[in-house]
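Asks: I'd like to ask you about the structure that follows.
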């Protein structure tokens, strides 16, 4: 999905100093377990069991909670998160983070009721039935078929949905998705196949919806497995694959070879030396120097899921297989994995061969690409390189892009020299919709905002690439899960519909101190969760604590990795050594 992002991300690196609107949530939450995922959620919450209900004469006292790392020795960015009062939350950081708001606006940091997190124990029904404050609420998840949402008639925002029911379905093949759209059984589809762009544009009943999300496909390997522990082998593979051939054969117009891991539309993404040119002779010489003059045997792993950065997974894998054999003498078997198992194995550094994975921008900052993938806490590519992560840690504290540029140049050059992974392609992409779907669009960051659309009927059906892995997105990273969660849960801020700017959501503002090490967020008052309970500061603390505090009894989730908490904030609090 890559048009080299035509929009301009202005002022992205200073999002941390944004001060936007003023805030206000409501009384203490009183959630109750909703019905199973096959049944509608309850519309009203009973009284709390821990304490008597408040009355006008005797309002219930608010007891603020907090989560604390004790000190900053654990290596993460967040020292503590505290409820100052019922409507105020304070984040104390270990070091400045200019991208704080851009990160906090991301779906995994959505807020759910404290009592629901405690009642579900961080697992079980929580994985299938999030309770949020968003414009839609979960009605049912029919495994293997669909996720059904209903309109939240108590939604606090101005953009209340014009239709009653939202349905998510899925199909892994682009042709199958397009056929459903052409037949009118769905209103909107994700990721039009490259060969079908012209078909959609020529159809008077359809609209092509370009997506301007920065992304990268990379060919990865894990340096704890031989022969990928030898930088000469990694570099030989980097030089021995004709990436332009892959772009020309399998990607839509607007896609391009990746000269850097980060797309150039992100400030400081493309500073430093560009990636290696295709040079099979030099590559073969390097491989021989490393002791493999006739190549070696390995495996190429991938998941059969259409992505903007990888629209034809099987065909791309086969082309790489052929090029490895032809150019380097490397014999690679191809192994297709189930999506969830693939993500678990790849991100934990357990795959012993090459694998195809990629990244679409979650928030508009270079830290989203580099810090996530190359931090010292990320085992994905094997043993992390201090030559990369130490520089990134310094750069991430600088708000001025020009001041940070020399450090990002150094980091990009180190990535090229050490080759922890190989950037391949920045892909162009588009969704498509029926012309009858008013307001259809795709934001550059995050999933479509269906509350802005009107199908002219009671139900809007959206078809994506795959089924969600779970609906507890504090502990998920796949786009299908995040897309579904975004309809239900809301963070303190969110991304604008037409840019990478962040706008207040459950907070009316988050104010930093002068050195960006303390952020004080004022909550919006009167916001009701889907179970009828009211948003307060403890809900924010509890939601973040379940993700970032490794010692919390609610830090369980789906895999228990809570990757975005670990990587975007550098480490989990209170983790066992």
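Asks: Report the rotationally averaged projected area of the range 215-426 based on its alpha-carbon convex hull, in square nanometres.
Replies: 10.6
Asks: Can you compute the FRET efficiency between residue 394 and residue 84 using 1/(1 + (r/R0)^6), with r the Cβ-Cβ distance and R0 = 22 Å? Round to the nearest 0.05.
Replies: 0.10
Asks: Also, I was wondering about something else. Using a Förster distance of 45 angstrom, determine the FRET efficiency expected from the C-beta separation of residue 154 and residue 288, and round it to 0.05.
Replies: Here the calculated transfer efficiency is 0.10.
Asks: Related question: Quick one: compute the contact order of the range 215-426, relative version, from alpha carbon pairs under 8 angstrom and 6+ residues apart, as a percent.
Replies: Relative contact order comes out at 36 percent.
Asks: If packing is taken as the average count of other Cβ atoms within 10 Å, what order do 361-373, 545-557 fall into, highest mean first?
Replies: 361-373, 545-557
Asks: Give, as ranges by residue number, the residues of the range 256-285 whose backbone N falls under 19 Å from the point 7 Å along Cα→Cβ of residue 248.
Replies: 256-259, 276-281
Asks: Tell me, in nm to one decimal, what length is gained between residue 338 and residue 63 on full extension, where the rule is 0.36 nm per residue of separation less the Cα-Cα distance?
Replies: In short, 94.5 nm is gained.
Asks: For the chain, what is the relative contact order in percent, using Cα pairs closer than 8 Å and at least 6 residues apart in sequence?
Replies: 31
Asks: For residue 226 and residue 277, compute 0.36 nm times the residue count separating them, minus their Cα-Cα distance, and round to one decimal in nm.
Replies: The span from residue 226 to residue 277 would gain 15.9 nm if fully extended.
Asks: State, as an integer percentage, the relative contact order of the range 468-577 based on alpha-carbon contacts under 8 Å between residues 6 or more apart.
Replies: 22
Asks: How large is the Kirkwood hydrodynamic radius of the chain, in angstrom, based on all distinct alpha carbon pairs?
Replies: After inverting the mean inverse Cα-Cα distance, the result is 24.4 Å.
Asks: Also, quick follow-up: Once both labels are modelled 7 Å past Cα along the beta-carbon direction, what's the residue 348-residue 387 spacing in nm?
Replies: That separation, rounded to one decimal, is 3.0 nm.
Asks: How tilted is helix 401-418 with respect to the longest principal axis of the chain? Cα atoms for both, answer in degrees (0 to 90, nearest 10).
Replies: With rounding to tens, the tilt is 50 degrees.
Asks: Which of the peptides 473-480, 173-180 is most tightly packed, and how do the rest follow, going by the mean number of other Cβ atoms within 10 Å of each residue?
Replies: The most tightly packed comes first, giving 473-480, 173-180.
Asks: In whole Å, how far is the Cα centre of the range 534-577 from that of the range 166-208?
Replies: Cα centroid of the range 534-577 versus Cα centroid of the range 166-208: 37 Å apart.
Asks: Could you sort the peptides 99-111, 116-128, 333-345 by per-residue average Cβ neighbour count (10 Å cutoff), highest mean leading?
Replies: Output ranking for 99-111, 116-128, 333-345: 99-111, 116-128, 333-345.
Asks: Here is a follow-up. What FRET efficiency, computed as 1/(1 + (r/R0)^6) with R0 = 30 Å and r the Cβ-Cβ distance, is obtained for residue 458 and residue 179, rounded to the nearest 0.05?
Replies: The pair residue 458/residue 179 has a calculated efficiency of 0.80.
None of the figures in this text is laboratory data; all of them are computed from the coordinates on show. This structure is a prediction, so every number in the text was calculated from the model and none was measured. Note that each Cβ is placed from the backbone with ideal geometry, even for glycine, and that neighbours are counted across all protein chains shown.
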